[in-house]
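So the structure is just underneath, and the comments pick up after that.
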Amino acid sequence: MRTAMAFGGPESTQILFNVSVRQSSPGEEPAVYANNQPSATIKGPFKRFNVHFKAHLDDILCNPTPQGPLFCAVEFVTRVFDPDGAVINAQVNDIKENVKPDYFATIHRTRQHPELQYNQQISVPAKGDYSLRIGVHDLVSDHVGALEFPISSLSNLPPPATPAQLRPPPNRTARAHTENDRLSRSFEGYGL
């Protein structure tokens, strides 16, 4: 994992994943987001970014346990690098969960591709040239997927929506949820 998450390193493709990175809120914030792991030298103000992971569960090893469920353990890592390659902020979260084997059978039977979804928030100094290195680490198989890109590549994205823009229009009705939707939501509730 150390090599896969090094500044300027090659992309690691043992685990395929999609990631969406968008600014979380308009404007700047005076402090680093809670639970981030900033270096002592980081200075604000900051822009906060939402990092939404979708890892392909087919690339993640979930071992059977003596009790029957499958044990899955995955780590999500986002690092902020300065132009010299020093880590100035990071967010690391892991999920360790037992999953019923029939969950995967149900998903595959419906021709869906199971995904492990997770969200992180990361603060980046508002001024300067910084890069994000984002990775998914399967703690069971020790496989990794990682990629890197400059924050400046996000500059042409539309600004984040305000709370008023996120509200559904009046008289909007929710569709009925199927059993597969319920399974997906319960699995995603744990990030799985």
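Only one entry of A90, A86 meets the criterion of being at negative phi, at pLDDT 90 or above, more than 21 Å from the chain's Cα centre (by Cα) and not acidic (D, E), and that entry is A86. Among strands (runs of 3 or more DSSP E) entirely within segment 52-149, having at least 2 residues that are without any contact (Cβ under 8 Å) to a residue 12 or more places away in the chain and within 25 Å of P10 (Cα to Cα) singles out no element at all. Residue count for segment 109-140 under the criterion of being more than 19 Å from the chain's Cα centre (by Cα), modelled with pLDDT of 90 or more and not aliphatic (A, V, I, L, M): the result is 4. Summed over segment 7-43, the residues that are closer than 15 Å to I88 by Cβ and surrounded by 16 or more Cβ atoms within 10 Å (Cβ to Cβ) give a count of 5.
Residue check: is P69 over 20 Å from the mean Cα position of the chain (by Cα) and more than 26 Å from D138 (Cβ to Cβ)? No: the conditions fail for P69.
The values are calculated or read from the model by the stated rules, or taken from the named source; none is laboratory data. On a predicted model such as this, the values are computed, not experimentally measured, just so you know. Cβ: placed from backbone, ideal geometry, glycine included. Neighbour counts: every protein chain shown.
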